[in-house]
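Encoded as structure tokens, the structure appears first; notes follow it.
The values are calculated or read from the model by the stated rules, or taken from the named source; none is laboratory data. No experiment lies behind these values; they were computed from the predicted model shown. Virtual Cβ from ideal backbone geometry, glycine too; neighbours counted across all protein chains shown. Keep in mind that these areas ignore ligands, DNA and RNA; they rest on the heavy atoms of the full protein, side chains included. Shrake-Rupley method; radii C 1.70, N 1.55, O 1.52, S 1.80 Å.
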Amino acid sequence: MIRNSQLSKLLGAALVAAAAAAAPAHAGVITFEDGYGPVGGMDSSNPDSWTYEAYREAGYAIGFYSNVVGGEGSLVGAFIDGDESTCDTSSMACPANKSGKYYAALNDSYMDIMFEAGAGFMLKSFDASFVGSSPSLASYPNPPGLIRVQGFKADGSYLLQDFWLNGPTAAGFQLNHFDTTGAFANTVFVEALVFGYSCDTTGSCKAFQTNKGQFAIDNIAMTDIPEPATAAIVGLGLLGLGAARRRRKA
């Protein structure tokens, strides 16, 4: 991923200073219940795109991006309602055990999560499933893919954690619960990218190369690390600056 190192240092310095006097942490869960319909890729170079197009819930802003240059406006995902069967089962294999809404990241796209109040967050758990590009359940290996979460710290460094997704059962793909572990689970991040890998029958898994790195995600549980009220304006200002330099795959 490409990052603007100068802006990262500015963001990191401000957030570290604010965190020193941070209010007590509290939990937030992103459920995607307010999302609706297909999602087009946001413009990574336009801060207005982040301001008006990011999905917001539980104090977090989430951007949805194509992994290719010029992918703004292309289909990168959809908010799907399991109760209303809004998944196109003629061309996809979606999780079959979900009640309510979830987000489906499609076509090798990725998600970008930031805490709007500033300071940072710890990502604790989520529910996820592979999303197939064909309705034929017999065509998928086990595992069919994985989710990689890349959490960025205030100093610009990052940690990675991978989560292997299960192949389909006789009833179809299933949303399963995943907990983050070890240092990743207890590290305060200022931003997190989430993207998928697709695997073949040989066990080779690739991201951003097959257009099949697809996944459903829901109930993202976070521990918020808010900054004090006196620094809130600074944090929100830096969040706006951050929107101007969305990451793209190197």
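Taking the Cβ of ASP224 as the centre, find all other residues whose Cβ is under 15 Å away and add up their charges (Lys, Arg: +1; Asp, Glu: -1).
That works out to -2.
What's the percent breakdown of Cα-Cα distances in the range 189-230 across 10 Å bins, shortest bin first?
So the P(r) values, bin by bin, are 21, 34, 25, 13, 6, 1.
Using the C-alpha atoms of the range 38-164, what convex hull volume per residue, in cubic angstrom, is computed?
Output value, Cα hull per residue: 138 Å³.
Compute the distance in nm between two label points, each set 7 Å from the Cα along the Cα-to-Cβ direction, one at GLU116 and one at VAL69.
Those two pseudo-labels are separated by 3.3 nm.
Considering only protein heavy atoms and a probe of 1.4 Å, how much of the accessible area of the range 20-89 is carbon and sulfur, as a whole percent?
C and S fraction of accessible area: 53 percent.
Can you check what the net charge comes to around ASP200, using other residues whose Cβ is under 10 Å from the Cβ of ASP200 (Lys, Arg +1; Asp, Glu -1)?
+2
Output ³J(HN,Hα) for the range 149-157: one whole-Hz value per residue in order, computed from phi by the Karplus curve 6.51 cos²θ - 1.76 cosθ + 1.60 with θ = phi - 60°, and x for Gly and Pro.
With the stated coefficients, the range 149-157 comes to 10, 10, x, 9, 8, 4, 8, x, 7 Hz.
Give me the net charge of ASP127's neighbourhood, meaning all other residues with Cβ under 14 Å from the Cβ of ASP127; Lys, Arg count +1, Asp, Glu -1.
Spelling it out: positives minus negatives among the neighbours equals 0.
Sort the following peptides by mean Cβ neighbour count (other Cβ atoms within 10 Å, averaged over residues), highest first: 97-104, 85-92.
Descending mean neighbour count gives 97-104, 85-92.
What distance in nm separates the two pseudo spin-label positions at LEU137 and LEU160, each 7 Å out from Cα along the beta-carbon direction?
Modelled inter-label distance: 3.2 nm.
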